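Below: one structure, written as structure tokens.
The values are calculated or read from the model by the stated rules, or taken from the named source; none is laboratory data. Everything numeric here is computed off the predicted structure, so don't read it as measured data. Reconstructed Cβ throughout: ideal geometry from the backbone, glycine too, with neighbour counts over all protein chains shown. Only protein heavy atoms, including side chains, enter the accessible area calculation; ligands, DNA and RNA are left aside. Shrake-Rupley method; radii C 1.70, N 1.55, O 1.52, S 1.80 Å.
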Amino acid sequence: MKKFAVFGNPISHSISPRLHNNAILGLSLDAFYGRVLLNDGKDLRDNFLKLKLNAANITLPFKIDAFRISDFKSKAADKIGSVNTLVYKNEKFYGYNTDAFGFWRAVSKIGNFKNAVILGAGGTTRAISYILHENGVKFDILNRSDKSNENFECENFYTYENFDTKDYDLIINSTSAGLKDENLPAPKEILDEILNRAKLAFDVIYGKVTPFLNLAEKYGLKTSDGAQMLVFQAVLALNLFYDNTLNETRILKFMNEALKLK
């Protein structure tokens, strides 16, 4: 039996085991997927090996630690600088980042977008920046503090103080604002300006309608939370666990079934 898990802190809220185990059951695979609470990223490698895992997903705040222990990294993971999928084979760790591709599959099935603005400049922004750049979408970043020296490959990096309002097709919240509070990811006066002229508001947070999405709906925008991004990245991860030999359409079917479970 193959053994998989997701590492994070906190981790009890994660629905990754539900998604993966339903797909494992539906595909008649001899495997099990659990969750592991990790207190220190320095223990990731040892814990992985002690549990005799074949592969794992890595969530916050340990994606940089996963990157560091990877003996081999995919092009995307290397460019983004973080790993959310670890596969252990031949006594080596192979690191991948499926967040970027999960985001792109979720967004591209909604529509075509020529330009975007990402709210926030954390680790998720790095993944989104990579995939937008790879697909020729011009984008700006708007963040509370200036991180313009971190090479996000954006057209412009703005802070709230120097933001130059313009038209964007796609507004992306990559922050945790609204996850456990009623905060917006940027000052309301800025959001009022850009949402008024956009086509889609996308929030990486899943499982709730955030204040950001509520505001977007008032402007008549299409909205999407991060549920499909989560599912698509999980589909890609499970396939990586099996050296890309599985049928992704069938994985997606079973994971979407699990997503609807209460």
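May I ask you to list the aspartates and glutamates whose Cα is less than 20 Å away from that of residue 260, ignoring any residue fewer than eight positions away on the same chain?
Of all the aspartates and glutamates, those that pass the test against residue 260 - Cα under 20 Å, at least 8 places apart if same chain - are 203, 225, 248.
Could you provide, to the nearest whole Å², the per residue accessible area of the chain with probe 1.4 Å? The partial results should precede the final answer.
Working: 12690 Å² over 262 residues.
Per residue, the chain has 48 Å² of solvent-accessible surface.
So what are the ³J(HN,Hα) numbers for region 3-19, from phi and the Karplus equation (6.51, -1.76, 1.60; θ = phi - 60°), rounded to whole Hz, Gly and Pro as x?
So the Karplus estimates, Gly and Pro as x, are 10, 10, 7, 10, 9, x, 7, x, 9, 4, 7, 5, 9, 4, x, 4, 4 Hz.
Please give the contour-minus-distance gain from residue 145 to residue 42: 0.36 nm per residue of separation, less the Cα-Cα distance, rounded to one decimal in nm. Kindly include the intermediate steps, with their values, before the conclusion.
Numbers: separation 103, 0.36 × 103 = 37.08 nm, distance 2.82 nm.
This chain segment gains 34.3 nm when fully extended.
Around residue 211, what is the net charge, scoring Lys/Arg as +1 and Asp/Glu as -1 over all other residues with Cβ under 14 Å from its Cβ?
Values: positive: 180, 188, 208, 218; negative: 181, 182, 192, 203, 217, 225.
Charge balance in the 14 Å sphere: -2.
Using a Debye calculation, one point per C-alpha and no hydration shell, please list log10 I(q)/I(0) for the chain at q = 0.08, 0.09, 0.13, 0.17 Å⁻¹ in order.
Summing over Cα pairs of the chain leads to -0.32, -0.40, -0.83, -1.33.
Among 124, 54, 41, whose Cα lies farthest out toward the positive end of the dipole of the chain, if unit charges sit on the beta carbon of Lys, Arg (+1) and Asp, Glu (-1)?
Most positive-ward Cα: 54.
5 Å is the cut-off here: which amide hydrogens, built 1.01 Å from N in the peptide plane, fall below it relative to residue 115, excluding neighbours closer than 5 in sequence?
169, 170
Please report, as a whole percent, how much of the solvent-accessible surface of the chain comes from carbon and sulfur atoms (probe radius 1.4 Å). Provide the component values of the computation, followed by the final result.
Details: 5930 of 12690 Å².
Here carbon and sulfur together make up 47 percent of the probe-accessible area.
Would you calculate a helix-derived [θ] at 222 nm for the chain, using -39,500 (n - 2.57) for each DSSP H run of n ≥ 4 and dividing by the full residue count, to the nearest 500? Please list the in-between numbers first.
Values: 10 runs with 96 residues, N = 262.
Mean residue ellipticity, 222 nm, calculated: -10500 deg cm²/dmol.
Amide H of residue 110 versus every other amide H placed in the peptide plane: which residues, excluding those fewer than 5 positions away on the same chain, fall under 5 Å?
none
For region 30-74, take N as its residue count and report Rg(C-alpha) divided by 2.2 N^0.38 Å. Provide the component values of the computation, followed by the final result.
Details: Rg = 10.7 Å, N = 45, 2.2 N^0.38 = 9.3 Å.
Computed over Cα atoms of region 30-74, the ratio equals 1.14.
Just the Cα atoms of region 101-224: what Rg and Dmax do they give in Å?
So, for region 101-224, Rg and Dmax equal 13.0, 35 Å respectively.
Taking amide hydrogens as modeled 1.01 Å from N in the peptide plane, which residues meet the under 5 Å criterion relative to residue 35, leaving out close sequence neighbours?
Those qualifying (amide H under 5 Å, at least 5 residues apart or on another chain) are 6.
Report the label-to-label distance for residue 161 and residue 71 in nanometres (one decimal), using points 7 Å from each Cα along the Cα→Cβ vector.
The answer from the label model is 4.9 nm.
Size of the dipole of region 168-235 about the Cα centre, Lys and Arg at +1 and Asp and Glu at -1 on the beta carbon, nothing else charged, in debye to 20? Before the final figure, lay out each step's value.
Numbers: 7 positive and 9 negative charges, 31 e Å.
Result for region 168-235 is approximately 140 debye, rounded to the nearest 20.
Between residue 180 and residue 92, what FRET efficiency comes out of the Förster formula 1/(1 + (r/R0)^6) with R0 = 41 Å and r the beta carbon distance, rounded to 0.05?
Working: r = 38 Å, r/R0 = 0.92.
Computed FRET efficiency for residue 92 and residue 180: 0.60.
Checking the table 79/138; 73/253; 42/253 against a 25 Å threshold on Cα-Cα, which pairs fail?
Values: 79/138 18 Å; 73/253 28 Å; 42/253 36 Å.
Listed pairs above 25 Å: 73/253; 42/253.
If you line up the Cα atoms of region 4-93 on their principal axes, what length do they span on each, largest first, in Å?
33, 28, 25
Among 210, 154, 256, which residue has its Cα positioned farthest towards the positive end of the charge dipole of the chain, with +1 placed on the Cβ of Lys and Arg, -1 on the Cβ of Asp and Glu, and the dipole taken about the Cα centre?
It is 256.
Would you look at the GNM of the chain, springs on alpha carbons closer than 10 Å, and say which of 63, 208, 109 moves the most?
So, out of 63, 208, 109, the one fluctuating most is 109.
Assuming 0.36 nm per residue, please report the length gained on full extension of the stretch residue 27 to residue 244 beyond their Cα-Cα distance. Before the final figure, lay out the partial values.
Details: separation 217, 0.36 × 217 = 78.12 nm, distance 1.39 nm.
Net length gain for the segment: 76.7 nm.
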